[in-house]
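I have placed the structure first, in the form of structure tokens, so that the comments after it can refer back to it.
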Amino acid sequence: MPAIDWEDPFCGEGNNCFRLGTDADGNGFIAVLGEEDRYLTDSREALQQMIRDIKAGAADHLL
């Protein structure tokens, strides 16, 4: 398991909490709070683009 530097959790309503992290190799990670051993990973740039797309409304149809 890589050494991940996790940020403080981002929480929505209820118990919907996610954590973002990075490692020394420039990878980005997303995990559900409390389940940091089961994470989604990609390059930091790919995860930054995903966040930008979500903020721009690309995932609004899922709400």
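Here are the numbers for this structure:
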item: So ALA58, is it without any contact (Cβ under 8 Å) to a residue 12 or more places away in the chain and either loosely packed, with under 15 Cβ neighbours inside 10 Å or in a strand (DSSP E or B) (or both); result: yes
item: Test: residue in the stretch 8-25 that is of a type in the set (A, V, I, L, M), free of Cβ contacts under 8 Å to residues at least 40 places away in the same chain, loosely packed, with under 13 Cβ neighbours inside 10 Å and assigned to a helix (DSSP H, G or I); result: no
item: Residue tally, condition part of a loop (DSSP other than H, G, I, E, B) and among the acidic types (Asp, Glu), over the stretch 28-55; result: 3
item: Given (1) assigned to a loop (DSSP other than H, G, I, E, B); (2) surrounded by 15 or more Cβ atoms within 10 Å (Cβ to Cβ); (3) of a type in the set (A, V, I, L, M), number of the condition ALA3 does not satisfy; result: (2)
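Read-outs: derived from the displayed coordinates by stated rules, not from any lab. Only a predicted model underlies this, so the values are computations on that prediction, with no experimental measurement involved. Note: ideal-geometry Cβ built from the backbone for every residue, glycine included; neighbour counts use all protein chains shown.
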